[in-house]
Amino acid sequence: MKNKMTAIVLGAFLSVCASSVTAEVSEVKVPLGAGGFGFLPLYIMKSGQLIEKHAQQAGVTVKVNWSNIGGPSGMIDALLSGSADFISAGPPSFLILWDKTKGNANVKGVASMSSMPMRLNTRAEHLKTIDDLKAGDKIAVTSVKSSIPSIVMQMYAVQKYGKEQAFKFDPFTVTMNHSDAAAALLSGASITGHFASAPLDQRELKSPGVRTIMNTDDVMGGSTTFTMISTTQKFHDQNPKVYGAFVAALKEAQELIMKDKPGAVKVLLESMGGGANAGSAEDMIAILNDPTTKYTITPEHVMKYASFMNEIGSLKNKPASIDELFFKGSDVSGGN
């Protein structure tokens, strides 16, 4: 009897231990990002409860906590502090995080989320190209030195002036969120130009005198990842079903955007608060119909960013291939 009771107690103990090891999170924390077309899949995932749906299909129940954290630095801090499980950012910010956490938190890519160009818009008469920037000019970017526009301007500087001039245009950049930058550009106050993303770039161009003098896809040499998803090694390893549910939800959201563009635009307009300032549904559908606007999990030109940033000293580590930047099993086949 004693041996039997010991076996029962031991079995119960091992069962508890096993369940504690294999149990996955019951809440997933996801910041919605800076908004706009680059982050639209997240809003589709939220409105359709797609993560919950795919998690349920995988045999787990989760609640999704969608926060309004925006901007690369805020989301990075949230991921590393544990107040976010998945974050979205542009490739340069992701690569800096991958580099700094290599060997500890080991942040890696989950998937690409969107590919689309950013446009440097200005109404300054003296600016024909960024080569015409002069003392006092300020170009608004979301993050000085680590944003897509900052790296693209560094690439342009190297292409035209040589590696020693990589940071030639950095002193002209200032950190501003997109909405504030668009308002400043259109009012003619405080900034000379704005490196904008959809839909603000198109709205700016409707204002008399505003024109584009640089396009990120032109500098990068083709379609390029604009936003991508990342998480930590710990979360990936401890929550395989939830991780898989997130990826499945992202794929479904990307497919839904292209299948039902009016529906996707409705979600986007609601996320922007609606009203005249959010733009018209017709204009936004036109952006979705533009072939340069893409929603794909396959990374595009992320390695080009990585190689360049390593060459100029912004990254200590240089990835050998795209697979080194993403978790095993990620559908990055054909990515670069």
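Hey, does the range 213-235 have a residue that's touching a His at 6+ places or on another chain (Cβ under 7 Å), assigned by TED's automatic domain parsing to the domain that holds H54, among the aromatic types (F, W, Y) and in contact (Cβ under 8 Å) with a residue 24 or more places away in the chain? Within the range 213-235, not a single residue is touching a His at 6+ places or on another chain (Cβ under 7 Å), assigned by TED's automatic domain parsing to the domain that holds H54, among the aromatic types (F, W, Y) and in contact (Cβ under 8 Å) with a residue 24 or more places away in the chain.
D283 meets all of the listed conditions (1) more than 22 Å from A55 (Cα to Cα); (2) modelled with pLDDT of 95 or more; (3) of a type in the set (D, E, K, R) but one, namely (2).
Take the conditions (1) within 28 Å of V60 (Cβ to Cβ); (2) surrounded by 15 or more Cβ atoms within 10 Å (Cβ to Cβ); V302 misses just one of them, which is (1). Exactly one of (1) surrounded by fewer than 16 Cβ atoms within 10 Å (Cβ to Cβ); (2) touching a strand residue (DSSP E or B) at 6+ places or on another chain (Cβ under 9 Å); (3) at positive phi is unmet by G221. Its number? Status for G221: all satisfied but (2). Starting from the range 19-31, take each residue that is modelled with pLDDT of 85 or more and list its partners that are among the acidic types (D, E), counting only C-beta distances under 7 angstrom and pairs at least six apart or across chains. Between residues of the range 19-31 that are modelled with pLDDT of 85 or more and residues that are among the acidic types (D, E), the close pairs are V28/D85; K29/D85; V30/D85. The helices (runs of 4 or more DSSP H) found wholly in the range 65-172 and carrying at least 3 residues that are over 17 Å from the mean Cα position of the chain (by Cα) and under 29 Å from P291 (Cα atoms) occupy 148-161. Here the condition is being within 22 Å of H54 (Cβ to Cβ), of a type in the set (S, T, N, Q) and in contact (Cβ under 8 Å) with a residue 24 or more places away in the chain; of N336, N239, N289, it holds for N239 alone. Taken together, A245, A198 contain a single residue that is of a type in the set (A, V, I, L, M, F, W, C), out of contact with any Lys or Arg (no Cβ under 6 Å at 6 or more places or on another chain) and under 22 Å from V302 (Cβ atoms), which is A198. Against the list (1) touching a residue at least 40 places away in the same chain (Cβ under 8 Å); (2) under 30 Å from I213 (Cβ atoms); (3) surrounded by fewer than 21 Cβ atoms within 10 Å (Cβ to Cβ), the condition G59 fails is (2). Residues that are charged (D, E, K, R) and either within 15 Å of I87 (Cα to Cα) or under 17 Å from the mean Cα position of the chain (by Cα) (or both) within the range 222-248 comprise just one, K234.
If we scan the range 43-55, do we find a residue that is in contact with a Gly (Cβ under 6 Å, 6 or more places away or on another chain), crowded, with 24+ Cβ neighbours inside 10 Å and either within 17 Å of M113 (Cα to Cα) or outside the structural domain of G263 (by TED's automatic domain parsing) (or both)? Within the range 43-55, not a single residue is in contact with a Gly (Cβ under 6 Å, 6 or more places away or on another chain), crowded, with 24+ Cβ neighbours inside 10 Å and either within 17 Å of M113 (Cα to Cα) or outside the structural domain of G263 (by TED's automatic domain parsing) (or both).
Checking each residue of the range 176-198 against the condition of being more than 17 Å from S146 (Cα to Cα), modelled with pLDDT under 95, surrounded by 18 or more Cβ atoms within 10 Å (Cβ to Cβ) and not aliphatic (A, V, I, L, M) gives no match.
The values are calculated or read from the model by the stated rules, or taken from the named source; none is laboratory data. Bear in mind the structure is a predicted one, so any value in this text is a computation, not a measurement. As a convention, Cβ positions derive from the backbone with ideal geometry for all residues, glycine included, and neighbour counts pool all protein chains shown.
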